[in-house]
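Engineer: First the structure, then my questions, so here it is.
The values are calculated or read from the model by the stated rules, or taken from the named source; none is laboratory data. Because the structure is predicted, anything quoted here is derived from the model rather than measured. In this analysis, Cβ positions are derived from the backbone assuming ideal geometry, glycine residues included, and neighbour counts consider all displayed protein chains.
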Amino acid sequence: MDERAFGAALAGERRFLINFARKKFGMAPNDAEDFAQETMLKAWAARERYTEQENFRAWLLTILSNAVFSQKRKGGRRGQVIFTDDETIIANAGSVSGGQFESVYLGQISEAMGNIPPDQLEALLLIALGHEYEEVAKITSVMCGTAKSRIGRGRQALRRILGEEPSRRQILVAAE
């Protein structure tokens, strides 16, 4: 894709990136715009690595998500994301009711999300957005079975990292 077409495509996704950041990461409008701008700048800097076989929107979502998680790891005060089985619960650390336990849990979930493979994280984010399995497969340019597998493995990984699901090793040790 030439620079002009890339720039036009990037500009066309600006509103989507802002809305995604606001709705799925629970950001204030200004923070969402900042992350969208950061995403667009990073995408422009990496435009030579983008191939037209990739889904452009999914590529941008990966950049945006990585920016959010990177900011969180650095100790920023932006929103945190936690996954349940079929939906995303968005919360800011300051607005969590109940106090310290929830804040610690949110931090663990945010850290866990940084430890799952990017393809699984992308699939989880897309399913959390309300996309059907077929849509996730199309957006990520994989077969539907592959998308379902990534979603399932991503959910398992989050549960295992958070200690909510025993690992295969724990199951084998318990069976002995």
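Engineer: Can you tell me which condition Asp2 does not meet? The list is (1) more than 14 Å from the chain's Cα centre (by Cα); (2) at pLDDT below 85; (3) under 24 Å from Val136 (Cβ atoms), and all the others hold.
Structural biologist: Failed condition: (3).
Engineer: Would you say Lys148 is modelled with pLDDT of 85 or more, closer than 18 Å to Leu61 by Cβ and not in a loop (DSSP other than H, G, I, E, B)?
Structural biologist: Answer is no for this residue.
Engineer: Looking only at residues in region 1-10 that are touching a helix residue (DSSP H, G or I) at 6+ places or on another chain (Cβ under 8 Å) and part of a helix (DSSP H, G or I), which one is surrounded by the fewest Cβ atoms within 10 Å (Cβ to Cβ)? It would help to see each step written out before you state the result.
Structural biologist: Looking only at region 1-10, we keep the residues that are touching a helix residue (DSSP H, G or I) at 6+ places or on another chain (Cβ under 8 Å), and these are 1, 3, 6-7, 9-10.
Then drop every residue that is not part of a helix (DSSP H, G or I), which leaves 3, 6-7, 9-10.
Details: Glu3: 10, Phe6: 17, Gly7: 14, Ala9: 16, Leu10: 19.
Filtering first and then ranking leaves Glu3.
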